[in-house]
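Data first, discussion second: the structure below is written as structure tokens.
Here, each number is a calculation from the coordinates, and none is a lab measurement. Values in this document were obtained by computation on a predicted structure and should not be read as measured data. Heads up, the Cβs are rebuilt from the backbone with ideal geometry, glycines too, and the neighbour counts pull from every protein chain shown.
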Amino acid sequence: MALTTFTPPIPPSPGTKHAPQVNVLKAEFGDGYTQAAPNGLNHIKRTIALRWDGLTEAQYDALDTFFNDRGGFRPFWYQPRGHATALKWVCEEWSGSDSAPWAFEAKLEQWFGAEA
């Protein structure tokens, strides 16, 4: 089954937060010497926090429906600003305010697993 591409109704508001998660194996020795190595092929996992401010109710509903349909475990394609290509993501956390002006937040984590 082909992955869905996330195309938000409007671009995210300025201030997207990027927070890579790095998984490194370390061995610290008694004399202060440390050895480090990446833990796995994909030891750097990108995480981005997106926010949309000033949404209409329809735009809010479109975002909420998209993330609800993915259920927190179905990956999707999304190309963040500044990236040359789309990456595979999942979203387990999203929230919004349901009063005008509408706002929505979603935390996306890069996905390296199989397509659900």
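Return the FRET efficiency for the residue pair HIS83, ALA58: r is the Cβ-Cβ distance, R0 is 35 Å, and the value is rounded to the nearest 0.05. Can you show the working numbers first?
Details: r = 27 Å, r/R0 = 0.78.
Plugging the Cβ-Cβ distance into 1/(1 + (r/R0)^6) gives 0.80.
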In terms of Cα to Cα distance under 22 Å, which lysines are near enough to LYS88, apart from those fewer than 8 places away along the same chain?
LYS17, LYS45, LYS107
Values of log10 I(q)/I(0), in the order q = 0.10, 0.21 Å⁻¹, for the stretch 15-110 under a Debye, Cα-only, solvent-free model
-0.39, -1.09
Taking R0 as 35 Å and r as the Cβ-Cβ distance between ALA100 and ALA2, the FRET efficiency 1/(1 + (r/R0)^6), rounded to the nearest 0.05, comes to 0.45
Using a Förster radius of 30 Å, what is the FRET efficiency between ILE10 and GLU92 based on their Cβ-Cβ separation? Nearest 0.05, please.
0.85
Quick one: which residues, 5+ away or cross-chain, put their amide H under 5 Å from the amide H of GLN79? H built at 1.01 Å from N.
LEU87
If neighbour count is taken as other Cβ atoms inside 10 Å, put PHE76, PHE29, PHE66 in order from fewest to most.
PHE29, PHE66, PHE76
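Roughly speaking, what is the stretch gain from ALA49 to ALA37, that is 0.36 nm per residue apart minus the C-alpha to C-alpha distance, in nm to one decimal? List each step's numbers first, then the result.
Values: separation 12, 0.36 × 12 = 4.32 nm, distance 2.75 nm.
Here the segment from ALA49 to ALA37 would lengthen by 1.6 nm.
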Running a GNM on the chain with Cα contacts under 10 Å, which residue among PRO11, PRO38, PRO75 ends up with the highest mean-square fluctuation?
PRO38
